[in-house]
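All of the numbers you see were taken from the coordinates with simple rules; none came from a lab. Every value quoted in this text rests on a predicted model; they were computed, and no experiment measured them. As a convention, Cβ positions derive from the backbone with ideal geometry for all residues, glycine included, and neighbour counts pool all protein chains shown.
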Amino acid sequence: MDSKIKKLYDMLYSPILTPYNLLDNAKLPNYSYVKYYKGNDGIIAEMECEMEDIGIRTFYYCFDQRDFLLRILMEFEGSKNIVFDRSDEVELAKKDYYNNKGELKKAN
């Protein structure tokens, strides 16, 4: 149960990852570039990397003004797909916590 509370807490109050954490990716041999620019909500970190078995992909890490990760998008053939969305993860963590909380009450 503690891990479910921690996950929910992290989704609500932790940056999870900051723009600064991504800078070292530029040093990795499978990354072509890492660049930063301003978006509507905060900073966007764009990076292109070659992934084993699936080829080259471009990722967009979107951060808010506090440098909290909001979402990750992966671009392939001109289409961007959501890989991570903080709002969705918060809702999933809440559901997981409350579902298990109910099961603990039944066991007592």
Subject >> Answer label for P(r) over Cα pairs in 10 Å bins from 0, in percent (calculated), chosen among [x] 12, 33, 20, 17, 14, 5, 0; [y] 14, 42, 33, 11, 0; [z] 14, 36, 28, 15, 6, 1 >> reply: [z]
**OP:** May I ask you to evaluate 6.51 cos²θ - 1.76 cosθ + 1.60, the Karplus curve with θ = phi - 60°, for each residue of segment 84-89 and list the ³J(HN,Hα) values in order in whole Hz, giving x for glycine and proline?
**Re:** 8, 9, 4, 4, 5, 5
Original post:
Tell me, what is the FRET efficiency for F76 and K101 to the nearest 0.05, using R0 = 30 angstrom and their Cβ-Cβ distance as r?
Top reply: 0.20
Original post:
Residue separation times 0.36 nm, minus the C-alpha to C-alpha distance between K27 and Y9: what's the value?
Top reply: 3.3 nm
Original post:
At D85 and Y60, where each label point lies 7 Å from the Cα along Cα→Cβ, what is the point-to-point distance in nanometres?
Top reply: 1.4 nm
Original post:
Of the listed peptides 52-58, 80-86, what is their order by residue-averaged count of other C-beta atoms within 10 Å, with the highest listed first?
Top reply: 80-86, 52-58
Subject >> Too-long pairs where the Cα-Cα distance tops 23 Å, listed order kept, from K7/K95; K4/K38; K6/K35; K6/K94; K38/K80; K7/K80 >> reply: K4/K38; K6/K35; K7/K80
**OP:** Considering the options L70, S87, L12, tell which one lies farthest towards the positive end of the dipole of the chain, charges being +1 on Lys and Arg and -1 on Asp and Glu at the Cβ, about the Cα centre.
**Re:** L12
Subject >> Relative contact order, percent, segment 2-89 [alpha-carbon distance under 8 Å, six or more residues apart] >> reply: 20 percent
